[in-house]
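Novice: My structure is below; once you've seen it, I'll send some questions.
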Amino acid sequence: MKPMRSWALPSATQPAEHRPSPLGPLVWQPSLYSRNTISYLVAHRWRRDTKDAELQALKRLKLDLDPAVIRHIAEEIVDLARKIGPAPASVVPIACGHSKRDDCLSFQLASSVAELLGATFAPVFTTRPAPGSSHPKANLDLPPLEMRERPAGPALLVDDVATSGWHLEEALTRLRTEGVPCSAIAWLGGVTGDCAMAT
C-alpha cells in the first residue's frame, strides 16, 4: 500500500458563517488526502494537544446523535462540496458498522448533506455490524462491502471521520467499479503536523 499523503488547500477558506467545532478546538484545514488510487477531501484535523478530549466528545456525539450538531457538520461539508464542483445527484454514506445501528452518524450526516444540496439520499451500502471500535487493523476482518442498489451519479460519498481512509477507499472503489462517478468528503481526519504535505 502506498503511504497516505495530504495536500492543504489554501484557497478553501473558512466560511464566513463558520462556527466553532462542536467537538472543541479542531483545526479547520480543508485538505486533499490520497490513499493508493483514490483521493478525498477532509474539512477538519484533530489538534494534537486536545485530541483525547475531542475523541471523547466524538464518542458522545456518536451515541447522542444530536440533530443540531449533525446539521452543523453537514453545513460545513456542503460548503466544501459546493467549492469542488456541481451538485451531486446523490449523497451516499459510508456503511455503518461499529456503532451497531443502521442510522449511525455517517448515515444521518449524509442524509442532512443530501437535504441541503437538494440531492437524493442513497444509503446503498449494507450495514456491517462489527465488534469494538473502528480501527484500521480491525477493518481487515470485515466482510466484503455489499450494495443494495446503484446510486445515481455523480455521487458524493460522506464519512464523519477518516482515520486511515480505508473505508473511503473501499467505498469509492466499489462505486467506481459500478460505473458511478463519485467524489468523497470526510468531516474529520488526520492530526495537524502528522501528514507530509506535498510541495
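The values are calculated or read from the model by the stated rules, or taken from the named source; none is laboratory data. Everything numeric in this text was worked out from a predicted model, so none of it was measured. Here Cβ is always computed from backbone atoms with ideal geometry, including for glycine, and neighbour counts include all displayed protein chains. Heavy atoms of the whole protein, side chains included, go into the accessibility calculation; ligands, DNA and RNA do not. Shrake-Rupley method; radii C 1.70, N 1.55, O 1.52, S 1.80 Å.
Novice: Which members of the range 149-181 meet the condition of being among the polar types (S, T, N, Q) and open to solvent by 50 Å² or more (accessible area, probe 1.4 Å)?
Specialist: Passing the criteria: 163, 173, 177.
Novice: Collect the residues in the range 140-192 that are of a type in the set (S, T, N, Q) and within 12 Å of residue 91 (Cα to Cα), keeping them in residue-number order.
Specialist: 183
Novice: For the range 88-98, state whether one or more residues are under 14 Å from the mean Cα position of the chain (by Cα) and surrounded by fewer than 20 Cβ atoms within 10 Å (Cβ to Cβ). Talk me through it step by step, then tell me what you get.
Specialist: The first filter runs over the range 88-98 and keeps only residues under 14 Å from the mean Cα position of the chain (by Cα), leaving 91-96.
If we keep only those that are surrounded by fewer than 20 Cβ atoms within 10 Å (Cβ to Cβ) too, we end up with none.
No - not one qualifying residue is present in the range 88-98.
Novice: Filtering the range 135-148 down to residues that are open to solvent by 20 Å² or more (accessible area, probe 1.4 Å) and not aliphatic (A, V, I, L, M), which residue is modelled with the highest pLDDT?
Specialist: Looking at the filtered set, the residue picked out is 148.
Novice: Now a separate question. Working carefully through the options 114, 95, 81, 16, find the one that is of a type in the set (Gly, Ala, Ser), in a loop (DSSP other than H, G, I, E, B) and at pLDDT 90 or above. Give the derivation first.
Specialist: Working: 114 fails: in a loop (DSSP other than H, G, I, E, B); 81 fails: in a loop (DSSP other than H, G, I, E, B); 16 fails: at pLDDT 90 or above.
One residue alone meets the criteria, 95.
Novice: Using the structure shown, decide if residue 186 is under 18 Å from the mean Cα position of the chain (by Cα), part of a helix (DSSP H, G or I), modelled with pLDDT of 90 or more and small (Gly, Ala, Ser).
Specialist: When the stated conditions are applied, residue 186 does not pass them.
Novice: Pull out all pairs, ordered by first then second residue, where Cβ-Cβ is under 6 Å, the residues are six or more apart or on different chains, the first lies in the range 110-123 and is farther than 20 Å from residue 161 by Cα, and the second is open to solvent by 60 Å² or more (accessible area, probe 1.4 Å) and among the hydrophobic types (A, V, I, L, M, F, W, C).
Specialist: 117/87
Novice: Just to be sure before I move on: is residue 67 under 20 Å from residue 108 (Cβ atoms), surrounded by fewer than 18 Cβ atoms within 10 Å (Cβ to Cβ) and at pLDDT 90 or above in the structure I sent? Break it down stepwise before answering.
Specialist: Details: under 20 Å from residue 108 (Cβ atoms): yes; surrounded by fewer than 18 Cβ atoms within 10 Å (Cβ to Cβ): yes; at pLDDT 90 or above: yes.
For residue 67, the condition - under 20 Å from residue 108 (Cβ atoms), surrounded by fewer than 18 Cβ atoms within 10 Å (Cβ to Cβ) and at pLDDT 90 or above - is met.
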